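Written out below as C-alpha cells is the structure these notes cover.
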Amino acid sequence: MIAGIRVQQGETQLQILLVEKEYHTQIVNQISDIQTRIFDLRKRYEATLDRVERTHVFSPESGRVIGMKVNTIGSVVQPGTQIMDIVPDTVDLIIEAQISPVDIDRVFTGKLADIRFSSFKAATTPVIQAQVAHISADRLINEQTGASYFLSRLELTEAGHKMLEDHQLSLVPGMPAEVLINTGQRTLLQYLTQPITNTLARSFIED
C-alpha cells in the first residue's frame, strides 16, 4: 500500500516537472517571438524615421531661397544634386560687370558708379550709388560670346543703401540694372546683381 502511494507520488512529481518544463518552454518561445517582433518593429521604425528625415532639407545659414530646381511633391533627389540656391541674409549683394579691355585703363578700385535697377519704375526709383570694389588681375573669356573681359565687382555705398531703405526697395539676386561708372567714355557691358560667387550680365560705363 505504502509502495503504491510512493509510486503514485513519484508519478505526480514527474507530471509536475513536465508541466513546469512545458510552461517554461512556452514562456521562452513567447519571449523569443516578442523579441523578434520588437526587433522587426524597431527596424521598421528606424527606416520610417530615416525616410521622414530625408524629406527635410536644412541649410547651414538662413537666407533667401532662389532658383528652385525641384518643384514636384514626392520627387526623388539624388545625392549631390543641387535643389536650390540660398543667398545668406548677412551677405550684401554685389554687381559683377564685364569690362572691355579697351576701357580697363579708366576703371579702378574706388571709382563711383550710378546704378538704375530696371525692375523698378524708372519714374519713381532714384539712381543708386555704388563703388568699384575689385577688378580681376587677368582677362577672362565669355564662354557665350568668346569675347575677353575684365571682371569688376561693385558694392553699394552707404548712400546707396540709404536710398534703398528710404524708398523701401529690396534687391534680389539676378535683378537686371544699368550701371554707369565715371570713366570719361560710355561702353556697353553686361551685368547682374549677384552674390559674390555668381556671374553678371549688363551695364554701362560713362561720365
>> Compute the distance from the alpha-carbon center of the stretch 52-72 to that of the stretch 93-151, in whole Å.
In response: 31
> Simple spin-label model, 7 Å along Cα-to-Cβ: Leu169 to Ala47 in nm?
Replying inline: 5.7
> Give me the log10 of I(q) over I(0) for the stretch 1-112 at q = 0.15, 0.22 Å⁻¹, as the Debye formula computes it from C-alpha points; what are the numbers?
Replying inline: -0.95, -1.20
> In straight Cα distance, which lysines are under 25 Å from Lys162, not counting same-chain residues fewer than 8 positions off?
Replying inline: Lys111, Lys121
>> Quick check of the Kirkwood formula: for the stretch 94-183, what is the inverse mean of 1/r over all pairs of different Cα atoms, in Å?
In response: 13.9
> Could you give me the ³J(HN,Hα) list for the stretch 165-175, computed from phi with Karplus coefficients 6.51, -1.76, 1.60 and θ = phi - 60°, whole Hz, x at Gly and Pro?
Replying inline: 5, 4, 9, 6, 9, 10, 8, 10, x, x, 5
>> Taking loop as defined by DSSP and a crowding limit of 15 other beta carbons within 10 Å, which GluC sites (Glu not before Pro) in the stretch 107-178 fit?
In response: Glu143
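Return the loop-located chymotrypsin sites (Phe, Trp or Tyr not before Pro) in the stretch 13-104 (DSSP other than H, G, I, E, B) with at most 11 other Cβ atoms within 10 Å of their own Cβ; answer none if there are none. List each step's numbers first, then the result.
Details: sites: Tyr23, Phe39, Tyr45, Phe58; in loops: Phe58.
Sparse-neighbourhood loop chymotrypsin sites (Phe, Trp or Tyr not before Pro): Phe58.
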> Over the stretch 69-137, what is the mean sequence separation of C-alpha contacts under 8 Å (at least six apart), divided by residue count, expressed as relative contact order in percent?
Replying inline: 25
>> Starting from the 7 Å offset along Cα-to-Cβ, what nm value, one decimal, do you get for the label separation of Ile135 and Ser148?
In response: 1.6
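Cut-off is 10 Å between beta-carbons; in what order do Ile128, Ile135, Ile73, Ile94 appear when sorted fewest neighbours first? Mind dumping the intermediate values first?
Numbers: Ile128 25, Ile135 16, Ile73 5, Ile94 20.
Ranking Ile128, Ile135, Ile73, Ile94 by Cβ neighbours within 10 Å, fewest first, gives Ile73, Ile135, Ile94, Ile128.
What does the charge add up to near Ile94, with Lys and Arg as +1, Asp and Glu as -1, over the other residues with Cβ less than 14 Å from its Cβ?
Taking every other residue near Ile94 into account, the sum is -2.
Counting other Cβ atoms within 10 Å, keep those with at most 12, restrict to DSSP loop, and tell me which chymotrypsin sites (Phe, Trp or Tyr not before Pro) in the stretch 73-120 are left.
Phe108
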> Just going by the charge dipole of the stretch 1-51, with Lys and Arg at +1 and Asp and Glu at -1 on Cβ, which of Gln30, Leu49, Gly10 is farthest out on the positive end?
Replying inline: Leu49
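Rule-based calculations on the coordinates, nothing more; no lab input. Here the structure is a predicted model, which means the values were calculated and not measured. Note: ideal-geometry Cβ built from the backbone for every residue, glycine included; neighbour counts use all protein chains shown.
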